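Some notes on the structure that comes next.
The values are calculated or read from the model by the stated rules, or taken from the named source; none is laboratory data. Predicted, not measured: the structure shown is a model, and the values here were computed from it. As a convention, Cβ positions derive from the backbone with ideal geometry for all residues, glycine included, and neighbour counts pool all protein chains shown. Side chains are part of the model used for accessible areas, which takes the heavy atoms of the whole protein and leaves out ligands, DNA and RNA. Shrake-Rupley method; radii C 1.70, N 1.55, O 1.52, S 1.80 Å.
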Amino acid sequence: MKTFDPEFFSTENFIISKKIYRYAEGTDGYHICYNVNDAFIPIMGASMVSVLENNRDVPLTFHLFTDGCSEENAEKIEALAGKWHCTCVLYALDMAPFQDFHIKTNQFARITYARLYMPKIVKEYAARYIYLDADTMCVAPLAGLWQTDLAGAAMGAVSERASAVDYRAGYLHLKHGKYFNDGVMLVDVSAWERQRITEQAFSYQCEPGKRFIGHDQDVLNLVFDGANAFLSEDYNVYDGGGYDEEHSVIIHWTGRRKPWQMVMSAFDAQWRRYNA
């Protein structure tokens, strides 16, 4: 496994630039993180609006990690912050520290690996945060998720479906036979740092690609191997709400069908309203 000098993990080695659009009316509240490339920023925007729409009574700070952001998209982010009275912190990250993570598919963006490093940056602002994939949509208040007791675990996530768990946990030779989806995570920053999750995750750089099925999600499952908290399925409802039981909180388009490509359900239509 790859090893690093501790100075490698200094934020100066990762952050190229940071812009803060501070329009929130309070400093307490929820901290929400995303990682996207520039092309996916408009998709992320719909997810952000869904969070804002369903948590109007809570100050919100969004931490947006990118591998570069156009001036046009930066202006849209600032406009969103002003309109919704939230705070957006826009980071441009240097991709060089992530260069030795495996890439299995051409459409995969390396910025996805930023979620492995986020706690070292967000700890300046918050003790915990919710990470969301850009293709998620909030459909109910996040209070229950935000207040979840992780019982000492560094992170909470929702288990993959049973068939996926059997296959993926078996492929990775996970000792505890558990496997989570990292598209929605509740992170305890102090526990993450104390357990050196980032450092352990980066040790999987330079491993042969055939060792993995996926990307960052496989790496995190190898690090935690069942030691994370497991959250209610309502916080990560797969296949664009295909498993909705009418008490969902976060819808996640995990399959190939995306709501910006076609409308086949009420959740797809709801996403398009937020996108507009």
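Pick the calculated Cα extents along the principal axes in Å for this structure from [x] 47, 43, 38; [y] 72, 38, 26; [z] 58, 51, 33?
Working out Cα extents along the principal axes in Å from the coordinates points to [x].
May I ask for the net charge around PRO141, where only other residues with Cβ less than 11 Å from the Cβ of PRO141 are counted and Lys, Arg are +1 while Asp, Glu are -1?
-1
Taking the Cα-to-Cβ direction at HIS247 and at GLU53 and moving 7 Å from each Cα, how far apart do the two end points lie in nm?
2.3
Please list 144-155, 129-140, 26-37 highest first by mean number of surrounding beta-carbon atoms within 10 Å per residue.
129-140, 26-37, 144-155
Compare ASP239, ASP218, ASP188 in a GNM of the chain, Cα atoms joined below 10 Å, and give the one with the largest fluctuation.
Most flexible of the set in this elastic network: ASP239.
Count charges around GLU245 for me, please; just the other residues with Cβ under 9 Å from its Cβ, Lys/Arg as +1, Asp/Glu as -1.
-4
Determine the relative contact order of the chain: mean sequence separation of Cα pairs under 8 Å and six or more apart, normalised by residue count, in whole percent.
22
Please work out the average accessible area per residue across region 8-80, using the 1.4 Å probe convention, and give it in Å².
It amounts to 46 Å² per residue over region 8-80.
Remind me, relative contact order of region 122-276 in percent, using alpha carbon pairs under 8 angstrom and six or more residues apart?
Computed value for region 122-276: 28 percent relative contact order.
If you take every DSSP beta bridge fully contained in the chain, what fraction is antiparallel? Give it as a percent rounded to 5.
The answer is about 50 percent antiparallel.
What is the mean projected area of the alpha carbon convex hull for region 132-223, to one decimal in square nanometres?
Mean orientational projected area (region 132-223, Cα hull): 7.0 nm².
Given contacts defined as C-alpha pairs under 8 Å and at least six residues apart, what's the relative contact order of region 45-142, whole-number percent?
About 44 percent, as a whole number.
In the chain, what percent of the accessible surface is made up of carbon and sulfur (1.4 Å probe, ligands and nucleic acids excluded)?
Looking at the chain in its full context, I get 48 percent from C and S.
Mean residue ellipticity at 222 nm from the helices of the chain, using -39,500 (n - 2.57) per DSSP H segment of n ≥ 4 over the full residue count, to the nearest 500 deg cm²/dmol?
So the helix-based figure for the chain works out to -8000 deg cm²/dmol.
Can you grab the distance from the C-alpha centre of region 143-188 to the C-alpha centre of region 44-92, Å, no decimals?
Cα centres, region 143-188 to region 44-92: 26 Å.
Indicate the gyration tensor shape class of region 40-160 (rounded, prolate or oblate), computed on the Cα atoms with a ≥ b ≥ c the square roots of the eigenvalues: a/c under 1.5 is rounded; otherwise a/b larger than b/c is prolate and the rest oblate.
oblate
Going by average Cβ density within 10 Å per residue, which order do the peptides 245-256, 201-212 take, highest to lowest?
245-256, 201-212
Could you give the length gained on full extension between GLU71 and GLU25, defined as 0.36 nm per residue of separation minus the Cα-Cα distance, in nm?
Working it through step by step, the gained length comes to 14.0 nm.
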